[in-house]
Structures are given as structure tokens and as C-alpha cells.
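J.: First, the structure itself, so that you have it in front of you.
The values are calculated or read from the model by the stated rules, or taken from the named source; none is laboratory data. Keep in mind the model is a prediction, meaning the values are calculated, not measured. Glycine gets a Cβ as well: all are built from the backbone with ideal geometry, and neighbour counts include every protein chain shown. The area values use the complete protein model at the heavy-atom level, side chains included, leaving out ligands, DNA and RNA. Shrake-Rupley method; radii C 1.70, N 1.55, O 1.52, S 1.80 Å.
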Amino acid sequence: MKILILSAATGGGHLRASRALQTYILENTEGNSVVIADALKEVNTILDKTCCDGYHFMATKAPRVFGRLYRATNMDTPLYSLVTRFNGAVGVKLLPLLAAEKPDVILSTHPFATEMVSYLKGKRKVSAPLLCLMTDYGPHRAWIAPNVDAYVVASEGMAAQMEAWGVPAEKIHPFGIPVEDVFFSKADKNALLKEFGLSPGVSTVLFMAGSFGVANILSIYKELIHTESHFQIIIITGRNKRLYTAFQKVIRRSPKPTKLVFFTDRVADYMHACDLLVTKPGGLTTSEALACNIPLAVFDAIPGQEEDNANFLISHNMAIPLDSRKGGAQAIVSLLEDSRRLEAMRESCSSFDKSHSCQDIFSLLHQLTGEGAEPA
């Protein structure tokens with residue numbers, strides 16, 4: 001079976017979900033090939049740069065504007081119709097890629113790619129089944145298109161709204177967002193802490209800045225290190241050099257043991273070593289933490305999909321909200337000192353078990369092609 005995954009680099013989650021699924025299929029099945037392509041880059045490099053840079057700017061500099069656009073495109077408005085028509089019109093630019101790859105099935109992890117392929121299927125220029133994989137914990141109308149054969153969603157609670165938008169219930173599969181198997185694996189927490197130069201048996205808080213980096217996380221850290229509670233801290237800044245440098249200066253005077261990490265491919269190990277993750281609620285970071293059964297403290301959610309993610313986590317007792325401007329540090333300390341509450345949150349994370357997501361998605365892809373085979 002030839003699988004084409006269409007994604008985009010507007011945020012890191014779409015591509016990470018794509019790669020997790022690709023890795024699973026190539027390592028656990030036989031006779032299948034998986035190609036990942038960036039739909040926006042295939043269509044037009046200028047459009048790709050405009051979308052990615054525009055998303056980055058609004059998410060970091062004008063989040064309220066982004067939130068208004070998110071809400072406006074989540075209703076049957078002229079703006080929603082315009083975006084849908086535009087994506088359909090540029091979708092023809094995908095035809096050379098589709099002709100070259102000749103996929104048996106297409107999986108989209110980005111709403112723009114979903115609309116493009118749906119348009120081509122409606123014009124009978126594409127016959128391969130289309131599966132849409134939604135990478136956040138709240139549904140948005142932009143993901144919904146008339147010629148999608150199946151949807152994979154993060155949780156069962158998303159189905160009702162999608163059905164209200166006209167999606168048949170039988171097309172909705174709450175398999176969860178795929179993450180790498182390493183996040184589901186068991187790990188020796190104390191051995192990891194010792195390897196990282198930290199103390200085994202001591203409560204550990206992990207800070208993650210997110211794919212764009214977050215300045216407010218520094219403020220929370222500065223407040224946190226002057227609390228009296230005993231714990232240690234790990235900070236991953238990603239590729240944000242400015243934030244890394246800023247943390248270096250503060251950590252030199254920190255009374256709390258702190259390990260500072262730049263970009264790393266060992267995120268799963270750092271998650272397995274911690275008791276609480278402090279982060280923005282991106283869809284993939286959230287899914288990876290839940291796979292590790294790590295409760296979260298979420299802050300500075302971008303209005304829109306990150307707010308949806310945060311609301312999902314908080315309502316299911318898997319996260320607490322933080323105000324990055326005041327009181328965030330005390331909320332963290334209060335949770336760390338309440339062992340019963342922290343354990344209850346960990347159990348909530350554990351009960352949200354999506355460890356078979358990749359296997360379930362792969363089986364669904366086979367069903368859509370009519371082959372019906374299972375992983376080898």
C-alpha cells in the first residue's frame with residue numbers, strides 16, 4: 001500500500017504527527033511505503049512562507065487577532081467560504097505530486113491540505129480515499145470537507161460538534177493523535193534523573209517553551225525558584241537561542257537545582273523523568289505528555305485551538321491553568337505539595353489511553369483501500 005501524508009509547517013504538530021505515523025508503519029508493517037509531503041510548499045513557496053510566517057506572527061504578536069480569525073472561520077461566514085474556495089482553487093497545484101506518487105490512500109494532517117484534496121476528489125481528478133487526521137482537541141470547521149472518507153480525532157467528545165456540521169457518525173474515529181512509541185514506553189525515572197545530573201526521588205518540574213518559544217515562561221521560573229517548597233527543574237527551550245541565553249543568566253543565581261536544555265531529541269526521556277509539565281497547550285506536546293502519563297500546567301494558550309486543548313485537559317482533570325502574569329508559581333507549588341491531587345491527575349492521563357492510535361489508523365487506511373489487512 002502506498003500512503004501519501006500531506007502536512008504543513010504551520011506549527012510543529014502537523015509534521016510530528018505525520019512522522020510518528022510514518023515511523024510506526026515502516027517499523028511495524030511490511031510491504032507498505034509512506035511519503036510525507038508539505039502541501040503548502042508543493043502548491044507555492046510564496047504561499048507557504050506567507051501562511052507559516054503569518055501564523056507565527058499572529059500566534060506570537062497578535063494572538064487576539066488570530067483568535068478572532070479562528071472564530072470567524074469556525075462559522076458559516078463569508079470569510080469561511082472564501083478560505084474554502086481559495087484552498088480548492090490552489091489544490092490543482094497538487095496534481096503533479098499526486099501523479100508522481102500515485103498513492104493508494106491520502107492522509108491529511110492539515111486543514112488546508114484536506115480542503116485541497118477534497119476539491120480534487122469532487123472534480124474527479126483524484127480517486128484515492130482521503131483520511132483527515134485532526135491534530136487538536138477541539139473540532140474546527142476548517143477541517144470539515146465534503147469528500148473526506150474518514151476522520152481521525154483526538155477524543156470522543158469531538159464527535160457531537162462534527163455531526164452537527166453534517167459529518168456522518170460512522171466517518172468519525174476517536175483513535176487519538178499519533179505520537180512516537182517512545183512516549184508510551186516505561187522508563188526508570190530515578191535512573192534518568194541521575195543521568196541528567198539531578199537528584200533521584202525529588203519532585204521534578206519540566207518546562208517546555210513550545211515550537212516558537214515563550215518569553216513568559218521565564219517570568220514563571222523567576223517566581224518559582226524563590227518559593228520554599230523543595231523540588232528541581234528541567235527547562236527545554238527548543239531552538240530559541242534568545243530564551244536559552246536569558247535562562248542561563250537567571251539559572252546562575254537560582255536556589256533551585258535546574259538543568260537547562262537547548263534543542264533535544266530526548267523529549268520523551270525528559271517527560272518520563274518529571275512529575276509535572278509546564279507548557280503551552282499545543283496538540284502534539286499535549287498528546288506526548290498524556291502518553292507519558294504526565295499532568296500538565298498550561299499557560300498562555302493562543303485563542304483558538306490551544307484554548308480548546310487547554311479546556312479539554314482542564315475539564316478532564318489532566319491539567320491546571322496558570323496565569324503567567326501572577327500566581328503561576330504558587331499554583332505549581334500547591335499542586336506539587338498535594339500528592340493526592342497530583343496522583344489523581346496522573347491517573348486521569350493514564351485512563352486517556354491512545355497507545356494504539358497508530359495501529360488503529362493504519363488498519364483504517366487498509367479498510368479505506370478495501371484491503372482490510374492488519375499490521376504484520
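J.: Quick check: is even one residue across segment 261-273 touching a strand residue (DSSP E or B) at 6+ places or on another chain (Cβ under 7 Å) and open to solvent by 60 Å² or more (accessible area, probe 1.4 Å)?
T.: no
J.: As an exercise: evaluate residue 5 against (1) at pLDDT 95 or above; (2) closer than 16 Å to residue 135 by Cβ; (3) open to solvent by 20 Å² or more (accessible area, probe 1.4 Å) and give the number of the one condition it does not meet.
T.: Failing condition for residue 5: (3).
J.: Something else now. Going by the structure shown, is residue 199 over 30 Å from residue 10 (Cβ atoms), outside any helix (DSSP H, G or I), open to solvent by 40 Å² or more (accessible area, probe 1.4 Å) and not charged (D, E, K, R)?
T.: Yes.
J.: From (1) touching a Phe, Trp or Tyr at 6+ places or on another chain (Cβ under 8 Å); (2) of a type outside the set (A, V, I, L, M); (3) open to solvent by 20 Å² or more (accessible area, probe 1.4 Å), pick out the condition that doesn't hold for residue 283.
T.: All conditions pass for residue 283, except number (3).
J.: Return a yes/no flag: does segment 179-202 have any residue that is at pLDDT 95 or above, over 23 Å from the mean Cα position of the chain (by Cα) and among the β-branched types (Val, Ile, Thr).
T.: yes
J.: When segment 178-205 is examined, which residues are found to be touching a strand residue (DSSP E or B) at 6+ places or on another chain (Cβ under 7 Å) and of a type in the set (Gly, Ala, Ser)?
T.: 197, 199 - these are the residues of segment 178-205 that are touching a strand residue (DSSP E or B) at 6+ places or on another chain (Cβ under 7 Å) and of a type in the set (Gly, Ala, Ser).
J.: Just need a number here: residues in segment 308-357 that are farther than 20 Å from residue 206 by Cα and buried (at least 17 other Cβ atoms within 10 Å of the Cβ).
T.: Number satisfying all stated conditions: 7.
J.: Now a separate question. Can you tell me which residue is nearest to residue 155 (Cα to Cα) among those in segment 321-352 that are of a type in the set (Lys, Arg) and in contact (Cβ under 8 Å) with a residue 12 or more places away in the chain?
T.: 346
J.: Hey, another quick one. In this structure, is residue 164 closer than 27 Å to residue 353 by Cα and either open to solvent by 40 Å² or more (accessible area, probe 1.4 Å) or among the aromatic types (Phe, Trp, Tyr) (or both)?
T.: So residue 164 fits the description; yes.
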